[in-house]
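Structure record follows, encoded as structure tokens.
The values are calculated or read from the model by the stated rules, or taken from the named source; none is laboratory data. Keep in mind the model is a prediction, meaning the values are calculated, not measured. Note: ideal-geometry Cβ built from the backbone for every residue, glycine included; neighbour counts use all protein chains shown.
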Amino acid sequence: MGGSQSTLNTLPPLTDDNTEQLFERFAQGEDGLKLMREMAKPKYGPLDRLPCANVQAAKYTACDHPGISSCSNCKLVAYCSKVSMLIFCIATRVMT
């Protein structure tokens, strides 16, 4: 279940091209409030389900299964299995 590891996929770097274009449009007299709303739009939509939090950045690996069980301590992350949680905790020495 949680033993499968995959290459860590990352989001592309953010560019300021869009922001610069919005500032140019503001300088040309467009409505500032309308432009601010455009800038505030999220770049990525909400996730359907949290991914498994078993990510080892130093090794560039991540579990490719969806997170099913949330962390009982923080409730902020989810793991696909207890094995995946233990692998992450041991790798990061979080476990007490």
Subject >> Cys71 vs. criteria modelled with pLDDT of 85 or more and surrounded by 13 or more Cβ atoms within 10 Å (Cβ to Cβ) >> reply: no
**OP:** Identify the single condition in (1) modelled with pLDDT under 80; (2) exposed (fewer than 12 other Cβ atoms within 10 Å of the Cβ); (3) assigned to a helix (DSSP H, G or I) that Glu38 does not satisfy, given that it satisfies every other one.
**Re:** (2)
